[in-house]
Amino acid sequence: MSESKLTCAYSPCPNDTFIFCRLAQESDIETHLYDVEALNQSAFDEKFDVTKLSFHAWLLMQDTYQLLNVGAALGRGCGPLVISNREEALGPDSIVAVPGEYTTAHLLLRLWRPDIQNRVFMPFDRIMDAVASGEVAAGVIIHEGRFVYEERGFHCLQDLGEWWEAETGQPIPLGCIVAKKSLGPERIAAFEQRLKESIEFAFSDPDSTNEYVKAHAQELSDAVTREHIRTYVNDFTLDLGPQGRAAIDTLQEMAKGAGIIGQQRM
């Protein structure tokens with residue numbers, strides 16, 4: 001690696017801190033933790049050398065960032081949920097809260113219901129409160145929201161992951177780790193190998209990550225934290241493989257077909 005520190009950005013969510021725990025301790029890695037939509041926005045300014053992105057965001061920035069084969073949040077049974085206080089179907093005029101313009105949750109909502117135009121963006125941790133107060137008719141929740149929405153009395157109107165799987169038969173691509181292409185192939189490959197080793201170490205000794213994960217997820221119970229990691233960290237996190245890459249291709253083609261993204265090449 002170069003003598004200069006590599007700036008590496010990811011979210012404080014347990015799945016990210018779990019996989020980055022060992023790598024974050026390295027002296028040549030400078031870490032920055034932000035909400036995923038803040039990371040998406042920062043990437044347009046090329047703020048960090050390596051960053052977590054929503055797949056929606058990466059599809060718009062493929063010329064600048066190389067998708068890494070490791071670190072992705074991609075799988076089955078892990079998609080965003082559309083929740084509401086009531087079990088009534090949403091109309092075209094319903095106001096729906098979304099956790100960021102460039103999140104994959106937003107892309108999936110538009111693919112599922114392109115007729116819903118009143119979409120308002122807010123931090124993911126505000127969405128359930130906005131639904132509860134009646135500020136919005138429904139909200140698209142991500143991260144640990146899927147584990148706690150029922151105990152707060154909300155109804156799930158649509159599991160967007162289930163919708164995606166029924167439509168495509170494929171796992172849902174949610175988030176990824178990317179590196180600036182300007183780093184060059186050798187430096188990117190070296191980082192990718194180090195991240196893979198960090199993930200493998202976390203799998204082999206999960207207890208070693210507890211302190212780091214809890215330090216960034218203090219409001220989550222241990223049970224929710226464990227479930228979060230089990231849900232979003234899996235075999236695809238170690239290797240996208242042909243199935244993972246096929247799912248990403250499908251997401252791009254559907255987004256292009258709906259006119260949501262342009263004609264960028266994978």
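Nothing in this text is a laboratory measurement; each read-out follows from the coordinates by a stated rule. Everything numeric in this text was worked out from a predicted model, so none of it was measured. Reconstructed Cβ throughout: ideal geometry from the backbone, glycine too, with neighbour counts over all protein chains shown.
If you go through segment 60-101 and keep only what is more than 30 Å from PRO185 (Cβ to Cβ) and of a type in the set (Asp, Glu), you end up with GLU87, GLU88, ASP93, GLU101. Restricting the first member to segment 69-80 and to residues that are more than 14 Å from GLY145 (Cβ to Cβ), and the second to residues that are in a loop (DSSP other than H, G, I, E, B) and of a type in the set (A, V, I, L, M, F, W, C), the beta-carbon pairs closer than 6 Å and six or more apart or on different chains are ASN69/LEU240; ALA72/LEU240. Going by the structure shown, is GLN218 in contact (Cβ under 8 Å) with a residue 12 or more places away in the chain and polar (S, T, N, Q)? Judged against the criteria, GLN218 is not a match. Over 15 Å from VAL82 (Cβ atoms) and touching a helix residue (DSSP H, G or I) at 6+ places or on another chain (Cβ under 6 Å) - does that describe any residue in segment 156-169? Yes, segment 156-169 contains a residue that is over 15 Å from VAL82 (Cβ atoms) and touching a helix residue (DSSP H, G or I) at 6+ places or on another chain (Cβ under 6 Å).
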